[in-house]
1. Pop out the ³J(HN,Hα) list for segment 77-85 in order, Karplus 6.51 cos²θ - 1.76 cosθ + 1.60 with θ = phi - 60°, rounded to Hz; leave Gly and Pro as x.
2. Taking θ as phi - 60°, what are the ³J(HN,Hα) couplings along segment 90-102 by the Karplus curve (6.51, -1.76, 1.60), each to the nearest whole Hz, with x for Gly and Pro?
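Just so it is clear, none of the values below were taken in a lab; they were calculated from the coordinates. Since we're looking at a predicted model, the values are computed, not measured.
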Amino acid sequence: MASNTPKRRLPMATALKDNDGGGTFDAMEQRVKALEDDMKRVLQDTAEIKGMLRAAPSAIEFGELKGRVNSLPTMGKAATMLSIATAVIVIFNNWTAVRSWLVG
């Protein structure tokens with residue numbers, strides 16, 4: 001049974017020359033050029049990433065930063081400091097009443 005579907009004719013590329021690399025297959029040249037360009041971009045991106053990693057803090061610097069952050073006052077510490085400051089202000093404002101209460 002023969003098929004009545006017309007077949008497309010693809011242009012045949014001329015054969016590549018052996019051993020010298022001086023082939024005439026233009027589509028391959030374009031693909032190789034595209035791969036070379038992509039590799040240049042990959043190398044540039046890799047160099048940029050290396051630069052970013054060099055600028056990143058070291059483990060020692062990161063440890064120092066973590067220690068500093070841990071020493072910052074928490075909400076509980078801040079509330080305690082505010083309560084103490086408020087108590088001192090109240091005592092100073094009512095010093096005469098507090099003194100008479102203490103002395104009797």
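1. 5, 5, 5, 5, 5, 5, 5, 5, 4
2. Couplings: 5, 5, 5, 5, 10, 4, 5, 5, 5, 5, 5, 6, 6 Hz.
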